[in-house]
1. The range A:94-127 to the range B:331-359: how many Å between their Cα centroids?
2. Between copies, how close do the residue A:183 label points come, placed 7 Å along Cα→Cβ, listed in nm from shortest?
3. Take the protein assembly as shown, drop everything but the C-alpha atoms, weight them equally and run the Debye formula without solvent; then report log10 I(q)/I(0) at 0.08 Å⁻¹ to two decimals.
4. Using the per-residue mean of other Cβ atoms lying within 10 Å as a proxy for protection, in what order, highest first, do the peptides B:114-124, A:368-378, A:306-316 fall?
5. Counting only other chains, and only Cβ atoms inside 10 Å, what mean value do you get across the residues of B:16-25?
6. For chain A, what number results from the quotient of the Cα radius of gyration and 2.2 N^0.38 Å?
7. Provide the percentage of antiparallel DSSP beta bridges, counting only those with both residues in the protein assembly as shown; round to the nearest 5.
8. Using just the helices of chain B, give the 222 nm mean residue ellipticity in deg cm²/dmol: DSSP H runs with n ≥ 4 each add -39,500 (n - 2.57), and the total is spread over all residues, rounded to 500.
């Protein structure tokens with residue numbers, strides 16, 4: 001088998017852990033597998049470099065930022081290759097460039113366009129374990145280094161796995177896999193044996209930060225099987241894969257929450273076509289990601305309220321911008337709602353089971369939790385509630401859908 | 001003017017110092033110069049990386065070592081470019097690859113073969129200050145990263161200066177320039193206004209560690225004027241340049257010492273042709289650099305003693321090797337002399353002035369300092385003496401040749 005193994009920052013945080021990674025990798029190779037390892041920067045390193053940059057410049061050039069940030073993963077790849085060599089196995093470290101990871105030119109958030117991978121293929125055939133510096137690529141023609149954004153090493157790993165047609169992409173992290181919810185809130189939370197790409201996508205983007213969202217999209221697009229597991233034990237982890245019949249039997253797979261949003265409400269918006277477009281175009285142009293949007297028809301029929309959520313970090317920028325647009329539109333004013341949380345239930349089984357949303361609303365109501373906004377998709381229902389009820393909501397939802405029980 | 005400025009590790013050791021470097025660079029650019037900056041890794045970084053490697057592997061792969069070690073300079077180049085940008089000047093960081101520094105494939109001690117430099121030339125014409133990561137290059141075809149060995153950033157700077165036909169290469173360090181001797185030993189030691197490449201070469205390789213030896217050779221070959229000066233003040237520094245008439249008037253320019261050698265003596269070597277060749281061929285093959293060699297004709301005429309010096313770090317290896325060869329040759333035995341120092345006087349004026357060596361021997365003798373070995377070249381005389389007399393010897397020689405006086 002050809003296996004791609006990705007190790008995050010905590011898994012390569014120091015010499016001892018790099019040695020442990022090397023042992024795991026070599027074990028896998030000695031079982032007869034070809035192994036490509038993708039490594040992140042040692043934990044803390046990237047933040048250290050970002051700090052240095054911000055001490056030197058209020059607005060660091062992004063091309064130079066990428067050159068700077070790509071160093072952390074290069075260091076880990078070289079060190080890991082050395083550690084593997086020390087165990088008596090041939091190993092070769094490859095940078096993003098040497099791996100042939102071609103991206104677009106959007107520095108600090110580049111998108112992978114293709115992976116050539118010739119050198120890796122040849123070295124694998126020659127019996128080498130390949131250790132690739134994650135998170136980075138080069139522009140077409142190779143003139144500049146790019147990085148893929150936070151969590152980009154997950155994407156590197158999945159993209160390499162698909163380019164090399166690997167049998168499996170293993171993402172090693174500091175948790176055992178994907179849980180039905182946050183075990184810190186619900187001790188009975190159960191590790192999922194497998195989960196569909198779609199569910200993982202909803203869980204990841206909703207705050208279960210095990211696997212970077214773009215990497216899941218990529219894996220889904222190419223059908224690459226991804227296993228999320230711990231680098232600190234031998235537990236089997238969670239397989240992220242194509243939806244199958246088994247999965248549909250489970251109505252709700254997990255409960256996610258996100259405490260990092262704020263709610264903006266534009267009141268008294270004139271009820272005319274094109275208003276919402278104008279509002280959200282302005283916000284999108286400022287690169288602010290809007291998550292939920294709810295528009296209520298006003299009682300009088302002449303004006304309406306529009307509510308939406310944005311990341312907490314963008315709240316100041318979003319508020320200022322929205323106030324400006326509201327004025328232009330002749331709206332009544334803008335209200336910033338902080339202290340909120342988004343609670344979501346996710347499951348591909350929802351498609352074939354009705355009444356799931358109603359059950360969610362009912363259980364929240366029964367516990368006195370007021371719902372401020374609702375948003376639904378085929379496989380998820382999300383509600384915005386008061387922040388202080390977050391843990392309570394997660395617990396009662398986990399309980400009502402029997403998530404602690406093995407299905 | 002086109003100026004190349006190289007800043008060593010102590011000059012870019014932290015955020016404040018990088019800012020100071022940026023200010024100096026921008027000042028130079030605003031005076032109307034095109035400026036290429038070459039930076040080392042922040043001081044301590046390279047050692048930190050080497051330590052990590054040695055904790056992971058008893059014998060780290062050199063290809064991976066180069067990938068690892070080249071990271072330090074990449075980081076500094078990106079940070080320095082950001083700091084320059086913050087001062088309102090366009091700046092572009094270039095890696096060894098982006099600068100087009102092509103080397104041979106001898107990892108960890110690669111030699112520069114040529115520098116293409118197209119991107120730098122274009123960016124200079126476009127008004128950018130270029131910041132090059134020192135110490136590194138790439139192999140022909142670009143597949144691998146190489147490094148140039150300790151002090152390699154000096155070589156990067158001089159080679160870039162010659163490739164771009166720069167008017168001057170300024171080496172910024174933590175000392176004011178090149179002194180007549182170590183000011184820690186002789187407080188009256190005087191900073192030299194200028195010095196010839198040849199003298200600098202003798203002084204550098206003899207222990208006055210201001211400028212890497214290979215970089216001086218490179219500058220000499222291409223006639224690149226090099227200025228050694230401090231990054232902590234505005235003193236003019238020392239110009240290293242072609243020998244001129246002025247220089248010949250000065251008989252002795254400086255006194256150097258080296259405490260990092262040991263002396264090996266092979267006793268009772270049969271006095272036959274080819275013996276010395278056999279001995280030193282064996283040592284050279286072990287990559288041990290022999291410095292001084294002295295052979296005395298033995299009194300009887302049938303056997304001889306051969307003494308030579310090697311770096312202290314190689315003493316164990318050299319002793320073992322020499323004992324083996326001595327046995328083969330039927331020699332009497334090998335004696336290891338530790339606790340020695342090499343004292344040298346250097347000056348292009350020696351070529352035209354006789355009696356300089358005699359004057360050296362005489363003053364040493366007058367102070368009771370015994371000479372164990374002597375070696376001379378056109379512009380230098382070196383003596384091996386007892387380690388404990390090092391400082392005394394330096395002082396009396398500095399004094400007898402009136403080096404404290406401006407010539």
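1. Cα centres, the range A:94-127 to the range B:331-359: 56 Å.
2. Those label-point separations list as 6.2 nm.
3. At q = 0.08 Å⁻¹ the computed log10 ratios are -0.82.
4. Details: B:114-124: 16.5, A:368-378: 14.3, A:306-316: 18.6.
Taking the mean over residues of other Cβ atoms within 10 Å, the ranking is A:306-316, B:114-124, A:368-378.
5. Details: counts 2, 0, 3, 3, 0, 0, 2, 0, 0, 0.
The mean count of partner-chain Cβ atoms within 10 Å per residue comes to 1.
6. It is 1.07.
7. Beta bridges within the protein assembly as shown, antiparallel portion: roughly 60 percent.
8. Mean residue ellipticity, 222 nm, calculated: -11000 deg cm²/dmol.
Just so you know, all these numbers are worked out from the coordinates, no wet-lab data involved. Owing to the predicted nature of the structure, the values given are computational and were not obtained by experimental measurement. With ideal geometry, Cβ positions are generated from the backbone for all residues, glycine too; neighbour counts draw on all protein chains shown.
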